[in-house]
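J.: What follows is a structure written as structure tokens; I'll ask about it next.
The values are calculated or read from the model by the stated rules, or taken from the named source; none is laboratory data. All figures in this text were calculated on a predicted structure; none of them were measured in a lab. As a convention, Cβ positions derive from the backbone with ideal geometry for all residues, glycine included, and neighbour counts pool all protein chains shown.
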Amino acid sequence: MTLVKRANGIVTKGEAQLYTSIIVHSISDSELKITVPIFQSKLVPMTIGDVYAVRFYTPVGYFQCKCLVKSIEKEGHVMLATIKTMSPLEKYQRRQYFRMNCVISVQYAKLEQYQIDLFKEVFETEDPERRNELQDRIDNEEIDYKEGTMLDISGGGLRFNCRTKCDTDDILIVIPDEPRFTAIIPYFICQEVMVRQIGGSAVSFEHKMKFININGEQREKLISLIFTMERERMKTDLK
């Protein structure tokens with residue numbers, strides 16, 4: 001959900017964030033009770049009269065409508081908001097992917113051009129025998145893996161920290177320590193989009209990567225898993 005109009009004024013640039021929430025229950029065909037989103041470990045300051053563009057993820061696709069915040073209340077230790085739809089549900093065509101914050105260990109390595117070509121052919125070939133032959137060659141490669149920490153992931157890419165600086169446009173292989181990701185695709189081949197130095201005495205580097213080896217079916221499975229994991233985490237926070 002994204003704030004589009006404040007009850008008492010305009011939306012500032014810093015407020016135009018994409019937040020996630022959980023539907024607690026449906027009050028009527030036009031009213032829902034949801035959890036107040038949390039952003040950067042703080043409750044989002046929703047107020048009565050605010051208008052949000054709300055996107056709903058369902059097994060048959062994404063839908064969107066505008067909703068008005070009717071009330072804010074606390075149930076137990078959880079803040080809830082009642083929202084009322086202001087427009088019909090419409091099919092939503094994604095222009096950007098939801099990004100899930102996380103802390104997951106990864107192994108990564110910079111690939112040489114001939115290795116990039118090997119991985120590319122593995123994903124492009126339709127011949128099972130040729131694919132197995134190429135995979136065997138990849139398995140025998142002495143790839144120098146290093147360790148990092150993944151900070152977020154979306155259907156389009158991921159972001160991770162490490163002690164080594166890579167260059168923009170470098171191609172990396174990244175393997176998350178999360179079986180549910182590797183069940184969808186064994187490894188991500190990523191292109192460096194942005195790198196920046198962070199930290200003080202313990203210098204590390206933040207790398208923003210985009211996927212270049214993921215097909216449409218894998219992307220949809222990954223997006224579905226990301227939403228599932230986010231819902232699991234939010235339900236845990238409600239307990």
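J.: Is region 210-224 home to any residue that is at pLDDT 85 or above and assigned to a strand (DSSP E or B)?
T.: yes
J.: Return the pairs, sorted by first residue and then second, in which the second residue is surrounded by fewer than 16 Cβ atoms within 10 Å (Cβ to Cβ) and among the polar types (S, T, N, Q), the first residue lies in region 214-225 and is within 13 Å of residue 57 (Cα to Cα), the beta carbons are less than 9 Å apart, and the residues are 6+ apart or on different chains.
T.: none
J.: Got a number for residues in region 159-186 being buried (at least 18 other Cβ atoms within 10 Å of the Cβ) and part of a helix (DSSP H, G or I)?
T.: 1
J.: Restricting to region 23-53, name every residue that is in a loop (DSSP other than H, G, I, E, B), over 17 Å from residue 85 (Cβ atoms) and not small (Gly, Ala, Ser).
T.: To start, the set of residues in region 23-53 that are in a loop (DSSP other than H, G, I, E, B) comprises 27-30, 36-37, 40-41, 44-50.
Still in the running and over 17 Å from residue 85 (Cβ atoms): 36-37, 40-41, 44-45, 47.
Listed by number, the residues that qualify are 36, 37, 40, 44, 45, 47.
J.: Looking at (1) under 18 Å from residue 232 (Cα atoms); (2) modelled with pLDDT of 85 or more; (3) surrounded by fewer than 14 Cβ atoms within 10 Å (Cβ to Cβ), find the lone condition where residue 41 falls short.
T.: Among (1) under 18 Å from residue 232 (Cα atoms); (2) modelled with pLDDT of 85 or more; (3) surrounded by fewer than 14 Cβ atoms within 10 Å (Cβ to Cβ), the lone unmet condition for residue 41 is (2).
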